[in-house]
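The values are calculated or read from the model by the stated rules, or taken from the named source; none is laboratory data. Values in this document were obtained by computation on a predicted structure and should not be read as measured data. Cβ coordinates were reconstructed from backbone atoms using ideal geometry, including for glycine residues, and neighbour counts include every protein chain displayed.
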Amino acid sequence: MQRPQPGSDIEVEVEYAMDRNMIPPQSGRRIYRGEVLKSYRWLTDREFCLTGDDQWPILVINLGNVVSMRFESGSSTEVNTAVRSWEVTGSGGNRYLVTRDHSGWSCDCKGFQFRRHCRHVTEVSAAN
């Protein structure tokens, strides 16, 4: 999957399933045009920011929802969409499975289930 680089001018077609958690709630296909912005630290490598309109000045686009992308200027980099897993031993000796897929990082420990973040993911992501 191609991820556009900051400064690129693109037209991207995105398909959404009905999701009430999205702001604003939306479904169907949308076409957005704009400049790719520098990504925020909290975004995964499968997301990017795009200039929007007056109501939504910054759009976050997930590559998993992209149907097509056309570059008017700029470039892209290849993003690995394969699923990878690592087995990690916790401080108490328990074994956990850390996974990286199209939606980002996850861990099957209780801490990640509650906080969406844990030291297992931090350790594996820093090493990879």
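Computed quantities for the displayed model
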read-out	value
Hits in region 107-123 (condition: within 19 Å of Arg41 (Cα to Cα) and either not hydrophobic (A, V, I, L, M, F, W, C) or not assigned by TED's automatic domain parsing to the domain that holds Val88 (or both))	Arg115, Arg116, His117, Arg119, His120, Thr122, Glu123
Matching option when the condition is surrounded by 13 or more Cβ atoms within 10 Å (Cβ to Cβ), basic (Lys, Arg) and either within 17 Å of the chain's Cα centre (by Cα) or modelled with pLDDT under 90 (or both), among Arg116, Arg100, Arg84	Arg100
Residue in region 1-46 that is farthest from Ser75 (Cα to Cα), counting only those that are modelled with pLDDT of 90 or more and basic (Lys, Arg)	Arg33
Yes/no for Val60 being in contact with a Cys (Cβ under 7 Å, 6 or more places away or on another chain), within 16 Å of Glu35 (Cα to Cα) and not hydroxyl-bearing (Ser, Thr, Tyr)	yes
